[in-house]
């Protein structure tokens, strides 16, 4: 009787899942893998692995940019055996997503030493030769990846970095243990659970109406300007952080602000970029650059920014030509700037 009820419940559950959208079933499947170690280990048997070495992903070059190879569990086990590593090294992998057909995707760093002394770093050049690729710094490769690959690699690098830096409990000092999916770490000594975290960062495109304000840091490529950005302080709302950052960096007071979108960004560590549009108070147009934060800041017209978006990058500033560019398309700063240009274009059209 109990068995029959169990089978009936399972059939009902499967029927309910078929009624749900692909997104919902995929999300619930990932939730199951994060919560159930046995289910996650089973998913590894048919899953695919993205490989890293000291947080640099394995990539292959093509005429269109970079390809992101994946390996099966069997291929990974053969690779580990070739370099004298035990298959337990796979326990260091982290779950980063799955396909619509529920093929689970994992990431494993072969260069980082794990908390187990038996899991040593694999030789980079020899692994590259074996896999016919190269471990490439993600910041250098990111703009030659498609959006799906870049999102997965962002997630993978952020999780791998977090686990590498959180192998000990901040309360007891004892080693923490990762669950199979890598969605948390637990201190066996006091059962404190640690979850991966992102730092909230506000990024704001300031406008006075016909112009937008862009700024640059000395570390930027020559001529590149972007929206103002900064970390949220403890206790701040997004609105408070936006107003403070603008006041600190360019000495302006805001009248209105509006949320636009958000984006996970892994550099230099995992951040949640919260993008907003803002307008300054009437008469607030004189920029007072905080040179401790910025190298330069200036107002740019619609035409100047529109040309930069079209990669027509030369404009006149202070009677001297210099290359002016905006961040690449993959960034949320680019999206903010594009939205502003489109809004200005629409508002200038006749009724």
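The values are calculated or read from the model by the stated rules, or taken from the named source; none is laboratory data. All values derive from a computational prediction rather than experimental measurement. Every residue, glycine among them, receives a Cβ derived from its backbone with ideal geometry; neighbour counts consider all protein chains shown.
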Test: residue 252 is in contact with a strand residue (DSSP E or B) (Cβ under 7 Å, 6 or more places away or on another chain) and assigned to a strand (DSSP E or B): no
Any hit, the stretch 264-276, residues being loosely packed, with under 13 Cβ neighbours inside 10 Å and farther than 23 Å from residue 142 by Cβ: no
Residue, farthest from residue 142 (Cα to Cα), within the stretch 55-79, restricted to residues that are touching a strand residue (DSSP E or B) at 6+ places or on another chain (Cβ under 7 Å) and in a loop (DSSP other than H, G, I, E, B): 70
Filtered residues of the stretch 212-237 (kept if buried (at least 17 other Cβ atoms within 10 Å of the Cβ), in a strand (DSSP E or B) and modelled with pLDDT of 95 or more): 212, 213, 214, 215, 216, 226, 228, 229, 230
Residue list for the stretch 139-153, filter: closer than 11 Å to residue 68 by Cβ and either touching a helix residue (DSSP H, G or I) at 6+ places or on another chain (Cβ under 8 Å) or surrounded by fewer than 16 Cβ atoms within 10 Å (Cβ to Cβ) (or both): 145, 146, 148, 150, 153
Qualifying residue in the stretch 202-210 (condition: within 30 Å of residue 34 (Cα to Cα), in contact (Cβ under 8 Å) with a residue 60 or more places away in the chain and not in a strand (DSSP E or B)): no
Residue match in the stretch 258-265 (condition: within 23 Å of the chain's Cα centre (by Cα), closer than 15 Å to residue 210 by Cβ and modelled with pLDDT of 90 or more): no
Scope the stretch 185-200; condition surrounded by 13 or more Cβ atoms within 10 Å (Cβ to Cβ), in contact (Cβ under 8 Å) with a residue 24 or more places away in the chain and part of a loop (DSSP other than H, G, I, E, B); matching residues: 196, 198
